[in-house]
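Here's the structure we're looking at; comments come further down.
Every read-out reported here was derived from the displayed coordinates using simple, explicitly stated rules and does not represent laboratory data. Because the structure is predicted, anything quoted here is derived from the model rather than measured. Backbone-built Cβ (ideal geometry, glycine too); neighbour counts: all protein chains shown.
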Amino acid sequence: MTKQAVPIDELALGSYVIAVARQTGDVVIKHAGWVRSELLIATLKQKGVLEVFIDPTKQLPPPKELPVAPAGFESIAATPRADFAQECSRTELTLQSTRQQTAATFEKMAQADSVDLTEPAQNCDKLLDSSSRNPQALLYLQQVLQEDDVLLRHAVRCACLMAAFCQSLQLSEAEARDYTLAALLHDAGKAQLKQLFPQEQPTDQAALPYSLTLLEQSECPARSLDAVAGHLAPLADQSAPARLLAIVNRYANLQELADLGKIDMATLRTQLLAAAGKALDPQLTQIFLSEMGLYPPGSAVRLKSGKLALVLENHPKYSDKPKVKLFYHSVHRHHLPAKVLDLAKLPEEHIVAAADLSQFALDLRQYF
């Protein structure tokens, strides 16, 4: 085997990494493999890797700009990305409409009523339209415009995550709509269980049969039902639609813990990756995390300077260098004038870690 030492800053996509050569951390590469995303390189840097050994004889050809959808999914062409700020203004109304309509849908389903899913499907189309223009805006808004109702928040969050996921996979319009609808309504059974047993907190597994019954009687599309039916099953038993929803649902559940300060973003990513190959599809999980970035839009981060910032939009190539908006100084304990920084253009400034705003008695929603 040919072995060559390469500094982490010079590691290229398609390289076949054998082992860590130098580091300040304790990373161990258990299995040699190819570097298929900038996200992986950024993660190695974050963990203190300075240099790796590669086998130059196994270098892959230059990767395509967009990830290729796995077998079983149709693909369509990509569209140019819209301006982030303009898309946020446009999409905020879409999210408000989706929340209101979903709340009404859950209220009807709580009474075990069948529901006309035309409007929910139309809202999903609007989310997908936004994601096709700029998925970063949708991801940002679903985080900063949080709903107090836990069930509704999870439903809308999953729909937004799924819309962005479908966009990253470049799925066909019909598939994307069905998967986003499944993400929006997959926990409909919890609305009914909360009505029947108001003192209990229904689990995902307990609510699943109720969700399927409600969706079936509401004539939910077959692909949506397929996604909901299998998203809690072991990986080997998941259909293609279920594999997408399994990732989105687990990520959204972990994101809820992160919002409460119970885990940080690094732990969230670690736990999601730990499920890859067991409960989650490994390839799809990597594509999903690449779309989210190291620090998802809407998350709070601490910079080298001690300033706190809100992640706005991830860089298309460098996942550790997003655009951020300053709002607070963690050392001097005072608010800062809102200012947008492009970290890709500021080598002297970088993200140190995710920020826990509870340490400063700050509410993320104040800085939208």
Once Lys and Arg get +1 and Asp and Glu get -1 on their Cβ, which of VAL301, THR2, ASN123 lies farthest toward the positive end of the dipole of the chain?
THR2
Applying a 10 Å radius around every beta-carbon, put 350-356, 283-289 in order of their mean neighbour count, most first.
283-289, 350-356
With springs connecting C-alpha atoms under 10 Å apart, model the chain as a Gaussian network and identify which of PRO297, PRO241, PRO209 has the largest mean-square fluctuation.
PRO209
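Work out how much length ALA236 to ALA174 would gain on full extension: take 0.36 nm times their residue separation and subtract the Cα-Cα distance, in nm to one decimal.
Stretched out fully, the ALA236 to ALA174 stretch lengthens by 19.8 nm.
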Residue separation times 0.36 nm, minus the C-alpha to C-alpha distance between GLU10 and ASP113: what's the value?
31.2 nm
Helix by helix, which DSSP H runs in the chain go 24 Å or more along their axis at the Cα atoms and have an average Kyte-Doolittle hydropathy of 0.0 or more?
150-169, 240-259
What is the magnitude of the charge dipole of the chain about its Cα centre, with +1 placed on the Cβ of each Lys and Arg, -1 on the Cβ of each Asp and Glu, and no other charges, expressed in debye to the nearest 20?
1280 debye
Normalised contact order of the range 300-367, rounded percent, pairs of Cα under 8 Å and 6 or more residues apart
34 percent
Show the residues, 5+ positions off or on another chain, whose built amide H is closer than 5 Å to the amide H of LYS307.
SER330
So, with +1 on the Cβ of K and R and -1 on the Cβ of D and E, and no other charges, what is the size of the charge dipole of the range 272-368 about its Cα centre, to the nearest 20 debye?
260 debye
Of the options LEU364, ALA242, GLY189, report the single residue whose Cα projects farthest towards the positive end of the charge dipole of the chain (beta-carbon charges: Lys, Arg +1; Asp, Glu -1).
LEU364
Candidate aspartates and glutamates - alpha carbon under 17 Å from LYS307, same-chain residues fewer than 8 apart omitted
ASP320, ASP342, GLU348, GLU349, ASP356, ASP363
Restricting to Cα atoms and excluding each atom paired with itself, what does the Kirkwood estimate give for the range 84-292 in Å?
16.9 Å
Through the Karplus equation 6.51 cos²θ - 1.76 cosθ + 1.60, θ set to phi - 60°, convert the phi angles of the range 319-330 into ³J(HN,Hα) values in whole Hz; use x for Gly and Pro.
6, 9, 10, x, 7, 10, 10, 5, 8, 7, 10, 6
With just the Cα atoms defining each centre, how far is the range 165-229 from the range 78-110? Give it in Å.
18 Å
Given the pairs LYS278/LYS317; LYS3/LYS45; LYS3/LYS321; LYS278/LYS323; LYS194/LYS325, which span a C-alpha to C-alpha distance of over 27 angstrom in this model?
LYS278/LYS317; LYS3/LYS321; LYS278/LYS323; LYS194/LYS325
In the chain, which longest range has no trypsin sites (Lys or Arg not before Pro) that are both DSSP loop (not H, G, I, E or B) and surrounded by at most 12 other Cβ atoms within 10 Å?
65-261
Straight-line reach only, C-alpha to C-alpha below 20 angstrom: list the lysines that LYS262 could link to, leaving out same-chain residues fewer than 8 apart.
none
